[in-house]
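The values are calculated or read from the model by the stated rules, or taken from the named source; none is laboratory data. Given the structure is predicted, the values throughout are model-derived calculations rather than measurements. Here the Cβ positions follow ideal geometry from the backbone for every residue, glycine too, while neighbour counts run over all protein chains shown.
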Amino acid sequence: MTAPSPTTTTPVLTPTEARVLGTLMEKARTVPDSYPLTLNTLLLGCNQKSSREPLMELSEADVAGALNTLKEAHLVRESSGSRTTRFEHNFQRGIGVYEQAAVLLGLLMLRGPQTAGELRLNTERWYKFADISSVEGFLEELQDRAKEKGGPLVVKLARGPAAREQRWAHLLCGPVDATQTGMSRSSEGLSGNTAERIERLEVEVAKLRETVQKLCAELGVSPPEQV
């Protein structure tokens with residue numbers, strides 16, 4: 001069985017495009033009832049403070065611009081059947097990888113370099129890998145990806161001080177220095193349940209914000225400033 005063929009040559013993403021794409025991939029699995037995402041909900045997901053490395057403060061214009069580029073690369077598409085424009089990812093087919101590989105790349109885009117053990121833990125809500133060796137197997141396939149298929153999509157980084165495992169980084173934003181250790185600059189320390197509650201609350205806030213904006217438009221008043 002072969003991986004699906006990409007519709008285009010593997011593009012080089014900007015950090016903003018990677019965050020937008022990774023967020024769409026995440027929300028498709030963690031909050032399926034709210035997916036595809038509106039622009040406001042997507043913006044909130046990109047800027048959320050949990051499960052993100054590095055943290056970002058993107059504007060609506062930043063996200064809209066990234067969406068346009070990703071649509072041209074066939075990695076994102078607009079969904080129909082709703083009065084509000086919504087967006088969904090087309091990553092697996094657009095890049096040409098298996099589901100498991102797409103899950104790993106999505107987590108690397110959102111959380112930065114991670115060990116195989118960290119990836120197995122962090123992907124539990126996306127896909128349940130049988131063990132760490134299965135995660136390593138897909139990472140090695142992505143590292144050894146043939147040039148005719150677009151070349152490697154991940155790289156194994158140097159071992160950090162006192163670290164038992166090496167971390168992996170994605171190459172979707174271009175080459176990275178494999179001699180770096182890839183140690184995280186922040187420590188989240190949130191349980192899976194806490195992170196899930198935060199994500200759902202953020203989605204609800206985005207929905208309420210959209211409702212307020214619609215009501216203000218109908219009443220002909222200015223919406224309140226966002227905080």
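For this structure, a couple of remarks:
- Any hit, the range 164-179, residues being under 22 Å from the mean Cα position of the chain (by Cα), β-branched (Val, Ile, Thr) and modelled with pLDDT of 75 or more: yes
- Whichever residue in the range 77-106 is of a type in the set (Val, Ile, Thr) and surrounded by fewer than 24 Cβ atoms within 10 Å (Cβ to Cβ) and, among such residues, is nearest to ILE132 (Cα to Cα): THR85
- Within the range 59-68, being surrounded by 18 or more Cβ atoms within 10 Å (Cβ to Cβ) and either more than 22 Å from ALA169 (Cα to Cα) or within 12 Å of the chain's Cα centre (by Cα) (or both) holds for ASP62, VAL63, LEU67.
- Within the range 119-140, being buried (at least 17 other Cβ atoms within 10 Å of the Cβ), assigned to a helix (DSSP H, G or I) and not aliphatic (A, V, I, L, M) holds for ARG120, ASN122, GLU136, PHE138.
- Identity of the residue in the range 1-22, of a type in the set (A, V, I, L, M) and surrounded by fewer than 19 Cβ atoms within 10 Å (Cβ to Cβ), that ends up modelled with the highest pLDDT: VAL12
- Wholly enclosed helices (runs of 4 or more DSSP H) of the range 1-103 bearing at least 1 residues farther than 22 Å from GLN213 by Cα: 15-30, 60-72
- The single residue among ILE132, ILE95 that is closer than 16 Å to LEU172 by Cα and among the β-branched types (Val, Ile, Thr) turns out to be ILE95.
- Taken over the range 146-167, the criterion of being assigned to a loop (DSSP other than H, G, I, E, B), touching a Ser or Thr at 6+ places or on another chain (Cβ under 9 Å) and not small (Gly, Ala, Ser) is satisfied by LEU153, LEU157, ARG159, PRO161, ARG164, GLU165, GLN166, ARG167.
- Count - residues of the range 78-115 that are hydrophobic (A, V, I, L, M, F, W, C) and in contact with a Ser or Thr (Cβ under 8 Å, 6 or more places away or on another chain): 6
- Selection of the range 180-214 for residues being in a loop (DSSP other than H, G, I, E, B), within 25 Å of THR16 (Cα to Cα) and at pLDDT below 65 yields SER184, ARG185, SER186, SER187, GLU188, GLY189, LEU190.
- Inter-residue pairs, beta-carbon under 7 Å, first of a type in the set (S, T, N, Q) and in the range 87-100, second part of a strand (DSSP E or B) and surrounded by 22 or more Cβ atoms within 10 Å (Cβ to Cβ), 6+ apart: ASN90/VAL76
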